[in-house]
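Below: one structure, written as structure tokens.
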Number of protein chains: 2
Amino acid sequence: MAGGAGDPPPGPLDSVLRPVRAGNGFEEALEQVLQLLRLGLVPPGERLPSERELSQHLRISRVTLREVLKVLQDQNMVESRRGRYGGTFVLPRTAAPDGSGELRRRIAAVDVEDTLRFREVLEAGAAGLCAEGLTADGEERLRGALDATQGARLEDYRRQDTLLHLTLAELSGSRTLAAQYAAVRATLNELLDGIPLLVRNLEHSQQQHAAVVEAVLDRDPDAAREMTREHCGGTAALLRGFLA
Amino acid sequence: MAGGAGDPPPGPLDSVLRPVRAGNGFEEALEQVLQLLRLGLVPPGERLPSERELSQHLRISRVTLREVLKVLQDQNMVESRRGRYGGTFVLPRTAAPDGSGELRRRIAAVDVEDTLRFREVLEAGAAGLCAEGLTADGEERLRGALDATQGARLEDYRRQDTLLHLTLAELSGSRTLAAQYAAVRATLNELLDGIPLLVRNLEHSQQQHAAVVEAVLDRDPDAAREMTREHCGGTAALLRGFLA
DNA sequence: GGCATAAGGTATGACAGAGAACCATTGCTT
DNA sequence: AAGCAATGGTTCTCTGTCATACCTTATGCC
């Protein structure tokens, strides 16, 4: 009878036995460069790191990286200029980026519920950790990021918002957490691009941002987590409403 | 003046620009199969999925997978038997697995603080999510997993403990969360293997397990998160003490 | 004007890994 | 006893990726 565990447990195994490399290998690189753009870490008009730098960071050959950039050029998302002080520059978002349908299909494949839940967990956890052990340097960065969102114009709001949350994730003291948050946030931004940006929600968001940062600065982990969960809940409700 | 953002922000970029493929590619596969063993998803004496199945799940060629298994055979961690009803079988842990030093060096490379923090965040988040939306089926699985830890003998405790937590992660409703937890838990188990298993801690652990499960079954997310954080804190303190 | 420099653009050879086919061994079934 | 089926063991070829070197273009500096 083999202890009643004859058949391999179907559930838990799948958590581990996920594909080692999601796709062509070059697709993974594409994913990461797309994150760079979606997170707004390199804003429109700015230059990406040089091909040689990028390929080193991503640990792929320059040839493969160029394949990736080629795709983005074809999508009119970046532009390459030669010569000294040239480089690969981020173009402003075109009105209809769903032209090719290539990136459109990706969204459909996203498990929205998974994304929203995972995001809330990471974000609340990060806020809690920040509130527990924030350095003086961290305080300053946090305040700076919050101020930037307060002063942001409408078209730059998403970007500043992202940067604020990314800052919190980094200050959590867990590199893994920060990296995972970056990934999930990129997905989230992609989803958010599909729904309107309402000024009312934006103002509400801003109040919540202030409350979260205040709780962190007060070194109150419970409040920080609670505020963050509320904040995430708002976004989640909005998205569920529009995508349902 | 370029908006004062002339130099690429050094912090946030690193969250995204991490290497696309960590190592030889076959190393990633080795990592995952090791997870299978460290998590106790396939207990000693049991059979791993066949080479053909495993390679498909991991999306690597069978040849590469066999390289991985070869390493594990050399480490006396698994044993292969040919013929029908043959396969690759997990061997009981040998007393001194640190003989080669190969796996020993990996531990030194682990960022313990990162692991502990990330673990707490995921675990508390998972417990909270479970408490919010648990199905009848989930209740049953959870109770089953808890019972298994209660009745476990000392040498099987780590395994049952892992399975309980893994069950919670899966019931969170976020596949990504479950996968990430599996990864971090494998690292944690590796660390835990380096310190003694104290009966006193074990009993304490059991009480906390019961409390967490009770909170989840009561649909009390706050209590579930709080209990879980306490539970994780205990392990963390223990590890920090022994490894400091 | 000419040169140095930093960036993108191109070409080539070596190798790791994928995929498929086939062999060898074992135990159950007939 | 014979055959079948499922598994590990082996070998082959072919594609994708890497590493490297070199070419081309644009800008600043002398």
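Quick note: the coordinates plus some simple rules give every number you see, no bench work behind them. Remember, predicted model here, so these are calculated numbers, not experimental data. Cβ placement follows ideal geometry from the backbone for every residue including glycine, while neighbour counts extend to all protein chains displayed.
Scattering from the stretch A:174-244 was approximated by placing one identical point on each alpha carbon and applying the Debye formula without solvent; log10 I(q)/I(0) at 0.15, 0.28 1/Å stands at -0.60, -1.23. Taking amide H positions as modeled 1.01 Å from N, with prolines and chain starts lacking one, the residues under 5 Å from A:Val78 and 5 or more places away or on another chain are A:Gln73, A:Leu91. Computed from backbone phi with θ = phi - 60° and the Karplus coefficients 6.51, -1.76 and 1.60, the 3J(HN,Hα) list for the stretch A:120-135 is 4, 4, 5, 5, 4, x, 4, 4, x, 4, 4, 5, 6, x, 9, 7 Hz; x is used for glycine and proline. Two decimals is fine: what is log10 I(q)/I(0) at q = 0.13, 0.26 Å⁻¹ for the stretch B:104-181, from a Debye sum with one equal scatterer on every Cα and no solvent? Ignoring solvent entirely, the Cα scatterers give -0.47, -1.16.
Distances between copies of A:Leu154, taken at a point 7 Å out from Cα along the Cα→Cβ vector and listed shortest first: 6.9 nm. Take B:Asn24, push a point 7 Å out from Cα through the beta-carbon direction, and compare it with the same point in every other copy: 2.6 nm, smallest first. In terms of surrounding Cβ atoms within a 10 Å radius of their Cβ, B:Met227, A:Met77 rank from fewest to most as A:Met77, B:Met227.
Each residue of the stretch B:52-57 was assigned a 3J(HN,Hα) from its phi angle through the Karplus curve 6.51 cos²θ - 1.76 cosθ + 1.60 (θ = phi - 60°); the sequence is 5, 5, 4, 4, 5, 4 Hz, with glycine and proline shown as x.
Label point of A:Ser50 (7 Å along Cα→beta-carbon): distances to the other copies' equivalent points are 5.3 nm, sorted ascending.
Once the dipole of the stretch A:21-75 is set up with Lys and Arg at +1 and Asp and Glu at -1 on Cβ about the Cα centre, which of A:Val71, A:Ser55, A:Leu41 lies farthest towards its positive end? Of the listed residues, the answer is A:Ser55.
About the centre of its Cα atoms, the stretch B:25-96 shows a dipole size close to 320 debye [charges on the beta carbon of Lys, Arg (+1) and Asp, Glu (-1) only; nearest 20 debye].
This model, with +1 at the C-beta of Lys and Arg and -1 at the C-beta of Asp and Glu, gives chain B a dipole about its Cα centre of some 1020 debye. Under a 5 Å amide H cut-off, with hydrogens placed 1.01 Å from N, B:Gly87 pairs with B:Arg81, B:Arg82 among residues at least 5 apart or on other chains. For chain A, the normalised intensity computed at q = 0.08, 0.17 Å⁻¹ comes to -0.36, -1.37 (log10 of I(q)/I(0), Debye sum over alpha carbons, equal scatterers, no solvent).
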